Protein chains: 4
Amino acid sequence: MPLPQQFHDIAERVNNWGRWGPEDEIGTLNLITDETVRAAAACVRTGRRFQLALPLCQDGVQTGVVPGRVNPLHTMVALNLEMFGPDTVATSDDVVTMGLQAATHWDGLAHVSHSGRLYNGRPADSVTAHEGARFSGVEKATRVLSRGVLLDTARAAGVERLPGDKAVGPEELSAAEELAGTRVRAGDIVLVRTGQIQVLLAGDKHGYAHPSPGLSVRAPEWFHARDVAAVANDTLTFEIFPPEMDDLWMPVHALHLVEMGMLQGQNWNLEELALACADDGVYEFLLAANPEPFTGGSGSPVAPVAVK
Amino acid sequence: MPLPQQFHDIAERVNNWGRWGPEDEIGTLNLITDETVRAAAACVRTGRRFQLALPLCQDGVQTGVVPGRVNPLHTMVALNLEMFGPDTVATSDDVVTMGLQAATHWDGLAHVSHSGRLYNGRPADSVTAHEGARFSGVEKATRVLSRGVLLDTARAAGVERLPGDKAVGPEELSAAEELAGTRVRAGDIVLVRTGQIQVLLAGDKHGYAHPSPGLSVRAPEWFHARDVAAVANDTLTFEIFPPEMDDLWMPVHALHLVEMGMLQGQNWNLEELALACADDGVYEFLLAANPEPFTGGSGSPVAPVAVK
Amino acid sequence: MPLPQQFHDIAERVNNWGRWGPEDEIGTLNLITDETVRAAAACVRTGRRFQLALPLCQDGVQTGVVPGRVNPLHTMVALNLEMFGPDTVATSDDVVTMGLQAATHWDGLAHVSHSGRLYNGRPADSVTAHEGARFSGVEKATRVLSRGVLLDTARAAGVERLPGDKAVGPEELSAAEELAGTRVRAGDIVLVRTGQIQVLLAGDKHGYAHPSPGLSVRAPEWFHARDVAAVANDTLTFEIFPPEMDDLWMPVHALHLVEMGMLQGQNWNLEELALACADDGVYEFLLAANPEPFTGGSGSPVAPVAVK
Amino acid sequence: MPLPQQFHDIAERVNNWGRWGPEDEIGTLNLITDETVRAAAACVRTGRRFQLALPLCQDGVQTGVVPGRVNPLHTMVALNLEMFGPDTVATSDDVVTMGLQAATHWDGLAHVSHSGRLYNGRPADSVTAHEGARFSGVEKATRVLSRGVLLDTARAAGVERLPGDKAVGPEELSAAEELAGTRVRAGDIVLVRTGQIQVLLAGDKHGYAHPSPGLSVRAPEWFHARDVAAVANDTLTFEIFPPEMDDLWMPVHALHLVEMGMLQGQNWNLEELALACADDGVYEFLLAANPEPFTGGSGSPVAPVAVK
């Protein structure tokens, strides 16, 4: 079943192809300017830092639903090995096998295609088994550090966490922006909190996965209007799941990654940060969230740090 | 052959065991205070950002010398897969297998032991095959962001890069500190540039590996005196290789990781940053360099960003 | 809690240490002589062949209970890649990550130790992270081909499959031997059918794992008396699970692998073979079941073929 | 550059598409009948067994030339782990990551396509990243056991090993068949010895890879005339490398795998077997060489056993 007209209408309104030239491979990261970064640094008032990543371990968030997206398997290849003789310095060394999108991660622009196209009109089949993504591989998304703004849609709605059937659209984003007390600007990285990760932290992986609140198909226009650089949240699927429309799966992925060329992040643990923001009423911060530069990667784990 | 007395003498002088309590697992990261972080933010003057990580790919820096420390093997598990039917949104997904210390990385504190002990006196055999590091695993090293200072020992010596037999000790560090025009302080992350990575960038992996300039066994006392939080450089082995003394291999690893409890980083590409520092004469910056939180990991890839 | 006296008593009676010299690393495989193999070939009457391995795939028998024993993750590293130009011969290539004992496999002798010892008195700590098993690694177990005898304990008991609390001991083995109509001899490989794998084939992985019938702690003496070369069955844990005695876990593993030095196999699909044996009343056959020679491996996948 | 006419002419003469029906996925393995297997068993005269596989280890035959075809990385996930309490039975467990065609292996039929087609006319794009080979995956190639015949082309030529520029064609195969003293028959598995693996065993991986003797583009017709079930040899590339014609790479792969639907094996160590055959003048034997059933696999490691 082809994508519905509603999707194409939105796609047209948020499309960024050609905006930074025909060769561009990083999309909205272009919006992070030196000035943006100076403003991000100016957000550091207390110096308090927050870790936003989940631990990377075999007992991770994946349940096997996405074939091949395996939780990190961490194994030791050396254990206190005295390479240079007995009673010398000994080393331990390890190896990991993991899906690049298994835990707290960025979706790279090449993660999704539709109608045979990737961001900026590149052909979908330029992603290959032997090279990965020739265009817009996650290794092109460098130096990801900007002003972060927390949009706590759960708190704005007066709940601990949004219900599983709640689609976060322009109204919810604007309400959370108002709560934040700062207008989202060009080049910002927006963190949308739904509270859904509480389900995971309570030990229920399947309940975390679904049903899950998440972004609505109407959200991308809001982000596009403000020209944000990237968006992340605290859910597994990023957008509401099951989807809003029966015949339209993963529309937000397609709008953000393909049309806008915008990184999106999942499984970010925003709980501690949200408490601190609620406490002092300041919802902006410096955010360092650089992906690992996997050549040709469709995504990457990331260990973001927010600094208030 | 047991470790020589000279080693034990230095070890005693730099030892931090118990300094942050008997349960501490993060060592000198304790030195990064909120105040340090505010000072780091204040270093952002232009907003210009620098990527310090090498790309993660099969053609990486490892040559097979360290068994099991394999270069990243990146494979696709889905290619434009239309999970929800024909002509819908399609996804690509990937998996990686890699040594955690294969490319630009942090050595975690559990990477090295000597005399049966890890940092803070933990037993070396607390690192196991099934759990990895029970104490001081790299997932404990969170929120690594501080003031960075570049000590460009090559430039201070008036050369493009240090020769392969050059051990960087207190004299070289102090000379570079003078060039930097800022005194290294408690909680700083120090980046020591030797220029050796130019050999790698020119395509010679084996020449990069060895012979290689690097830190001298006399360097840890210098770092200890200034109470730095972490040190990274632009070489494969971090310390000079082959070593200064025939009967003492990897002493700097043992002093930093075991005695001091200090993260150390390798294979950091400091070339572009160094040019910029030389250009404007400012060698301090905000440095975001958070490891991926692999539970029980002896190390982690890192994608550092410096902001001037 | 130390191993009970009952275990040590049996261990003494079945122990093979030193029997084939102090350097021996293959144990009861020594019992497969040229004469045994000639007898195996003489069992081929119809030429009909049977595949005894389960498919190796992500959706395998492992459920995550044994940490690290991951189901096979199969990924493509090339897809119809025309390495030598357009319109030439194209190649596809793949990579797998898997636990060596994830599916149909042999336990190697180094898979288990007790009281600090492996088979033939080797120290348990000779198995290391960087080398694997220095002694009795599965690569030493070469040329595994012999006469196979099916002991269908389910059919001998007149049931489709044994109940989950049934321990297969000497009485059950002797009854199945009588049904087989051939006496088990030195050098034979014995396949013990319980029918438990029907639960797996019906789609219930957890029910397959547990509760499960399997070999009793009293079975090893029976195998030792007949000097068999190896034993395999159609269960996940090989021995009855949960175990017969609360304070004695995995005793059969310890007796077979450590004391006797005997390979044991798990997750073998014996259903089709058993039907054919029941049909013609002949329970002996040629069995080719050579493990993959992983250097230092504690086990190996195997794709056995029985020929009647 | 499209495939030359000469290739298409041969392809037409050896093509087996449709021969075993439009749904067939195993090609010439259909030629192994019960009668063939009985004849194979009758070849067992002494009961002496030969291991034909190289060990599977990190220091394997791959040199990085084929991207992603990595040597086996074997790591321990448990080391003498006492899961059930102190002083109990302890287990060691391991994981491997490897290219399925890294060492001694079978090429599966889906390993190669040409002109957009796989064996039996299946579309090449039926091999996908998420499923692997939908048709003719190596898991379909079950119960591979037949009569083996050694064609020792080196000995027939009176040399220790063939020179690197020697293409083995019909003349060489017929001469070796005459030396063997048995006519190759339908359903046989032919092992072609060139002696090239001596270079590897002497420690020269690069010299082993190239230049290498191997099968000529003219060999497939010889195999087709005799209707053999499969062919393996003792080289890395199977066919002569560099190839006989500048504009035709891997033609033997395309003829065997795509046109004939015939498994082909590489890196088989035939040295010990060849000595024994030369010694007693008998070049036929029972050959058990069943691949591991990787679902969707383009190939598989194999640990063949020959029994004379």
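The values are calculated or read from the model by the stated rules, or taken from the named source; none is laboratory data. Just so we're clear, the structure is a prediction, and the values are computed from it rather than from any experiment. Every residue, glycine among them, receives a Cβ derived from its backbone with ideal geometry; neighbour counts consider all protein chains shown. Surface accessibility is based on the protein's heavy atoms, side chains included, excluding ligands, DNA and RNA. Shrake-Rupley method; radii C 1.70, N 1.55, O 1.52, S 1.80 Å.
Data overview
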item: Student exercise, the stretch A:83-233 dipole from Lys, Arg, Asp, Glu Cβ charges, in Debye to nearest 20; result: 460 debye
item: About the Cα centre, charge dipole magnitude for the stretch C:1-132 (Lys/Arg +1, Asp/Glu -1 at Cβ), debye; result: 600 debye
item: Table column - 3J(HN,Hα) (Hz), the stretch D:230-244, Karplus curve with 6.51, -1.76, 1.60, x for Gly and Pro; result: 6, 9, 9, 9, 10, 10, 7, 9, 6, 9, 4, 9, x, x, 5
item: Area of D:T91 that stays accessible when all protein chains are in place (1.4 Å probe, Å², to 10); result: 10 Å²
item: Computed Kirkwood radius, in angstrom, where 1/r is averaged over Cα pairs of the stretch C:44-97; result: 14.8 Å
item: Cα-centred dipole magnitude for the stretch D:162-308, charges only on beta-carbon of K, R (+1) and D, E (-1), debye, nearest 20; result: 260 debye
item: Label geometry 7 Å along the beta-carbon vector: D:D279 inter-copy distances in nm; result: 4.1, 7.3, 7.9
item: Residue of chain D whose Cβ sits closest to the axis mapping D onto B, with distance in whole Å; result: D:T97, 2
item: Neighbour cut-off at most 15 other Cβ (10 Å), DSSP loop, GluC sites (Glu not before Pro), the stretch A:1-88; result: A:E23, A:E82
item: Positive-pole candidate from C:T97, C:V61, C:G21, dipole of the stretch C:1-134, charges at beta carbon; result: C:G21
item: Normalised alpha carbon radius of gyration of the stretch D:154-308 [divisor 2.2 N^0.38 Å]; result: 0.99
item: Spatially proximal lysines relative to B:K166 (Cα-Cα < 21 Å; intrachain offsets below 8 disregarded); result: B:K205
item: Shape category assigned to the stretch C:88-166 from the gyration tensor of Cα positions, a/c cut at 1.5; result: oblate
item: Other-copy label distances relative to D:D165, 7 angstrom Cα-Cβ extension, nm; result: 4.6, 7.8, 7.8
item: At most 12 other Cβ within 10 Å, DSSP loop - trypsin sites (Lys or Arg not before Pro), the stretch C:93-153; result: none
item: In order through the stretch B:104-114: 3J(HN,Hα) via Karplus (6.51 cos²θ - 1.76 cosθ + 1.60), integer Hz, x for Gly, Pro; result: 5, 8, 9, 6, x, 5, 7, 5, 9, 9, 8
item: Inter-chain shielding of C:105-112 (mean C-beta neighbours from other protein chains, 10 Å cut-off); result: 2
item: Order of exposure, largest accessible area first, which applies to A:L270, C:L79, D:L201 with probe 1.4 Å; result: D:L201, C:L79, A:L270
item: In Å², nearest 10: area of C:C277 left accessible to a 1.4 Å probe; result: 0 Å²
item: Per-residue ³J(HN,Hα) for the stretch D:287-299, Karplus 6.51 cos²θ - 1.76 cosθ + 1.60, θ = phi - 60°, Hz, x for Gly and Pro; result: 10, 9, 8, 7, x, 6, x, 6, 4, x, x, 8, x
item: Chymotrypsin sites (Phe, Trp or Tyr not before Pro) restricted to DSSP loop in the stretch D:43-111 with at most 16 other C-beta within 10 Å; result: D:F84
item: Percent breakdown of C-alpha pair distances by 10 Å bin, ordered from the shortest bin, for chain B; result: 6, 27, 36, 21, 7, 3, 1, 0
item: Label distances, nm, D:P211 versus same residue in remaining copies, Cβ-directed 7 Å point; result: 4.0, 7.0, 7.1
item: For C:T237, solvent-accessible area (1.4 Å; no DNA, RNA or ligand), Å²; result: 30 Å²
item: Potential lengthening between A:T182 and A:A202 on full extension [0.36 nm per residue; Cα-Cα distance subtracted]; result: 4.0 nm
item: Amide H within-cut-off set for A:G47, under 5 Å, with H built and near neighbours excluded; result: A:K308
